[in-house]
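One structure is given below, encoded as structure tokens.
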Amino acid sequence: MTIEIKDLHKNFGKNQILKGIDLTIDEGHIYAILGPNGSGKTTLIKSILGMVIPNKGLIAVLDKPIKKDWRYRKKIDYLPQIANFPPNIKVKELIHMIKDLRNSPSAEGELIALFGLEPFLNKKLSTLSGGTKQKVNIVLTFMFDSPLIILDEPTTGLDPMALIRLKELIQREKAQGKTILITSHIMQFVEEMADKILYLLEGEIYFKGNIGELLEQTGEPDFEHAIAALTTTGSHA
Amino acid sequence: MLKILKYSFYDLIRSRWSYIYFLFYLTLGFVLLFLNNDVSKAVITLMNVIIVLIPLIGTIFGVMYYYNSREFTELLLAQPIKRSSIFMGQYFGVAGSLALSLVLGLGIPFVLYGLLRSNAIFDFSLLLVTGAFLTFIFVALSFVIAISNENKIKGFGYAVLLWLFLAVVYDGLFLMSLIVFEEYPLDTFSLVATMLNPIDLSRILILLKLDISALLGYTGAIFKKFFGTDLGFLVSMGILLLWTVVPILGLGHKAKRKDF
């Protein structure tokens with residue numbers, strides 16, 4: 001399995017965000033991590049990346065516990081939720097810098113062409129629009145060849161053309177046997193891409209399975225309503 | 001860590017503020033030498049400026065850099081880099097570029113003036129060394145403050161308060177306690193109290209090397225007896241080093257536990 005999480009707890013002050021998550025992520029699938037705002041999706045992802053330090057529990061990536069380690073991040077490509085880049089450097093410089101820091105082979109040329117970013121290479125990041133920044137973000141994430149890809153809200157700000165390209169890109173990576181985690185609020189995108197759904201509610205895993213099982217369990221006619229139903233039954237429970 | 005240091009350093013060297021800081025010292029050096037026409041006197045005037053200004057600039061620059069590079073830090077945190085390397089790299093980048101501005105900015109005019117042939121070279125080097133120490137100390141302190149405060153305004157506030165306390169308020173309290181307890185022997189107390197504040201320590205260290213300690217009266221004699229010796233000098237340098245290392249360790253400690 002790619003990721004194993006046992007009894008993961010995290011609180012920020014008095015605010016309990018994750019309340020004992022147990023989870024295994026198997027190789028070669030696309031997982032969608034869903035849940036209402038503030039349910040702990042980003043905290044869970046950041047815990048896997050080691051950006052948030054759990055209060056309790058164990059996380060293992062590719063069969064190795066991640067505590068006090070950083071080398072495992074070489075096996076992860078991460079797309080952060082909000083593309084916050086250093087404002088004063090050029091797109092080209094940023095790409096070069098990340099390549100230099102990461103020291104792995106990369107395929108940025110093809111991705112730059114795919115998203116039509118050539119005209120922006122010599123522009124400063126602060127001058128780019130939200131969607132263009134997100135394209136740069138995507139290039140930075142996909143240019144390395146790592147077995148695990150984590151995408152936090154990858155569709156934010158993308159135009160339809162770029163969205164189609166992104167979907168193709170994700171499918172291509174999956175075909176290579178990579179494991180992909182996605183969070184998104186766009187249900188149509190999730191339905192199209194994901195094999196498995198993880199539904200987080202108030203810091204616990206409320207549902208895990210594929211879309212067929214979800215429809216069966218909730219008795220709703222389509223995916224979007226099924227997710228909505230999970231949310232409402234959850235808050236009643 | 002070296003790669004992060006390199007990027008932070010280049011980032012700062014390219015920024016306008018580093019140039020302004022550098023040009024300020026360059027101008028100060030030339031003007032003082034021109035007006036005084038005497039290296040020793042210029043060193044004294046410089047000391048008064050440096051002892052207050054370096055901590056202030058170090059504090060403000062440190063806090064500003066930390067908050068401004070938050071996005072960059074977050075980007076780096078998801079990369080295969082050790083956490084402590086990220087923060088140490090940034091810290092040494094900031095402190096290093098500030099120290100370089102100081103040393104070059106003051107060094108160039110003095111060298112041109114003929115410092116190498118004058119006997120004030122030791123005083124001047126001491127001035128630069130303590131200046132560099134103060135830079136490293138106050139940038140480290142400001143990084144610790146910034147990493148402990150998510151709120152920029154609070155972080156800035158605490159950093160400026162720290163500077164104000166060590167540069168101004170501390171001396172006031174020190175002086176008051178000397179007056180209040182004047183009936184008691186205060187030799188050890190004043191020595192220790194001086195050691196506890198890096199700004200005071202640097203000031204005394206330079207003053208005593210400049211042979212104007214006679215101005216300090218009786219207390220001056222005690223200070224001279226302690227700081228003037230080789231042992232006193234080494235102890236003071238050791239304490240300045242301690243003032244640098246402790247906040248850096250604190251920064252490492254904080255960085256390990258913080259959530260982003």
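Counting only Cβ charges, +1 for Lys and Arg and -1 for Asp and Glu, the dipole size of the range B:2-257 around its Cα centre is about 980 debye. For the range B:172-187, putting each phi into the Karplus relation 6.51 cos²θ - 1.76 cosθ + 1.60 with θ = phi - 60° gives couplings of x, 4, 4, 4, 4, 5, 5, 6, 4, 9, 5, 6, 9, x, 10, 4 Hz, in residue order, rounded to whole numbers and with x for Gly and Pro.
Mean-square fluctuations from a GNM of chain B, with a 10 angstrom spring cutoff on Cα atoms, peak among B:Leu240, B:Leu166, B:Leu127 at B:Leu166. Compute the angle between helix A:91-102 and the longest alpha-carbon principal axis of chain A, please, reported from 0 to 90 degrees and rounded to the nearest 10. With rounding to tens, the tilt is 70 degrees.
For the chain pair A and B, the interface hides roughly 2200 square angstrom of accessible area in total, found with a 1.4 Å probe. The alpha carbons of the protein assembly as shown give a radius of gyration and a Dmax of 28.7, 93 Å, in that order.
Each residue of the range B:59-72 was assigned a 3J(HN,Hα) from its phi angle through the Karplus expression (A = 6.51, B = -1.76, C = 1.60, θ = phi - 60°), giving 5, 5, 4, x, 5, 4, 5, 4, 5, 5, 9, 4, 4, 4 Hz with x at Gly and Pro. The charge dipole of the range A:1-157, taken about its Cα centre with unit charges on the Cβ atoms of Lys, Arg (+1), Asp and Glu (-1) only, comes to about 700 debye.
Inverting the pair-averaged 1/r between distinct Cα atoms of the range B:6-163 gives 16.5 Å as its Kirkwood hydrodynamic radius. For chain A, the longest principal axis of the C-alpha atoms and the axis of helix A:223-236 are separated by about 50°. Partner shielding of A:63-75 amounts to 2, given as the average count of beta-carbon atoms from other chains within 10 Å of each residue beta-carbon. When the charge dipole of the range A:3-236 is built from unit charges on Cβ atoms (+1 for Lys and Arg, -1 for Asp and Glu) and taken about the Cα centre, the candidate among A:Ile89, A:Leu151, A:Val139 whose Cα reaches farthest toward its positive end is A:Ile89. Phi angles of the range A:54-63 translate, via the Karplus equation with coefficients 6.51, -1.76, 1.60 and θ = phi - 60°, into HN-Hα couplings of x, 6, 7, x, 10, 10, 10, 10, 6, 6 Hz per residue; Gly and Pro are given as x. Ranking B:Leu35, B:Ile204, B:Leu46 by how far each Cα lies toward the positive end of the dipole of the protein assembly as shown (charges on Cβ) leaves B:Leu35 at the top. Bridges between two residues of chain A, per DSSP, are antiparallel at a rate of about 55%.
Rolling a 1.4 Å probe over the heavy atoms of the protein chains gives the range A:83-237 an accessible area of 45 Å² per residue. Peptide A:39-46 is shielded by partner chain Cβ atoms: per residue, an average of 1 of them sit within 10 Å of its Cβ.
What relative contact order, as a whole-number percentage, does the range B:2-257 give when Cα pairs under 8 Å and 6 or more residues apart are counted?
Relative contact order for the range B:2-257 comes out at 28 percent.
Note on the range A:142-237: with neighbouring protein chains present and a 1.4 Å probe, carbon and sulfur make up 52 percent of its accessible heavy-atom surface. Seen against the Cα atoms of chain B and their longest principal axis, helix B:16-36 is set at about 10 degrees. Spatially close Lys pairs in the range B:2-257, defined by Cα atoms under 24 Å apart and a spacing of eight or more places or different chains, total 17. In this Cβ point-charge picture (+1 for Lys and Arg, -1 for Asp and Glu), the protein assembly as shown has a dipole of about 1120 debye about its Cα centre.
Model label points for A:Asn11 and B:Thr45, set 7 angstrom from Cα along the Cα-to-Cβ axis, are 6.1 nm apart. Summary value for the range A:134-221: 24 percent relative contact order, contacts being C-alpha pairs under 8 angstrom separated by 6+ residues.
Give me the percent of DSSP beta bridges within the protein assembly as shown that run antiparallel, rounded to the nearest 5. Bridges in the protein assembly as shown that DSSP calls antiparallel: roughly 55 percent. Counting charges near B:Tyr7 (Lys, Arg +1; Asp, Glu -1) among other residues having Cβ under 10 Å from its Cβ returns a value of -1.
Looking at this model, which pairs from A:Lys75/A:Lys178; A:Lys19/A:Lys56; A:Lys64/A:Lys208; A:Lys46/A:Lys196; A:Lys46/A:Lys135 are more than 18 angstrom apart at the alpha-carbon? Don't skip to the answer; put the middle values down first.
Numbers: A:Lys75/A:Lys178 11 Å; A:Lys19/A:Lys56 10 Å; A:Lys64/A:Lys208 23 Å; A:Lys46/A:Lys196 20 Å; A:Lys46/A:Lys135 21 Å.
Cα-Cα > 18 Å for A:Lys64/A:Lys208; A:Lys46/A:Lys196; A:Lys46/A:Lys135; rest within.
What separates the Cα centres of the range A:1-52 and the range B:14-50 is a distance of 55 Å. Note on the protein assembly as shown: dipole from Cβ charges, positive end direction compared against A:Ile211, A:Ile33, B:Phe233; the farthest Cα belongs to B:Phe233.
Across peptide B:80-87, the average count of Cβ atoms from other chains found within 10 Å of a residue's Cβ is 4.
With the simple model of a label 7 Å out from the Cα in the direction of the Cβ, B:Asn36 to A:Ala175 spans 7.4 nm.
Look at where the Cα atoms of the range A:94-171 and of the range B:81-137 average out, and the two centres are 40 Å apart.
Taking amide H atoms as placed 1.01 Å from N in the peptide plane, the amide H of A:Phe207 lies under 5 Å from those of A:Tyr199, each 5 or more residues away in sequence or on another chain. When a 1.4 Å probe is rolled over the protein heavy atoms, the share of accessible surface on the range B:149-192 that falls to carbon and sulfur comes to 75 percent.
Adding -39500 (n - 2.57) for every DSSP H run of four residues or longer, then dividing by how many residues the protein assembly as shown holds, sets the calculated 222 nm ellipticity at -20000 deg cm²/dmol.
Which whole-number value in Å² is the accessible area per residue of the range B:1-120, probe 1.4 Å?
Averaged over the residues of the range B:1-120, the accessible area is 43 Å².
Scanning residues 5 or more positions from A:Asn84 or on other chains, none has an amide H under 5 Å from its amide H, with H placed 1.01 Å from N in the peptide plane.
The values are calculated or read from the model by the stated rules, or taken from the named source; none is laboratory data. Bear in mind the structure is a predicted one, so any value in this text is a computation, not a measurement. All Cβ positions, even for glycine, are placed from backbone atoms using ideal geometry, and neighbour counts span all protein chains on display. The protein model used for the area step is the full one, side chains on, heavy atoms only, and it has no ligands, DNA or RNA in it. Shrake-Rupley method; radii C 1.70, N 1.55, O 1.52, S 1.80 Å.
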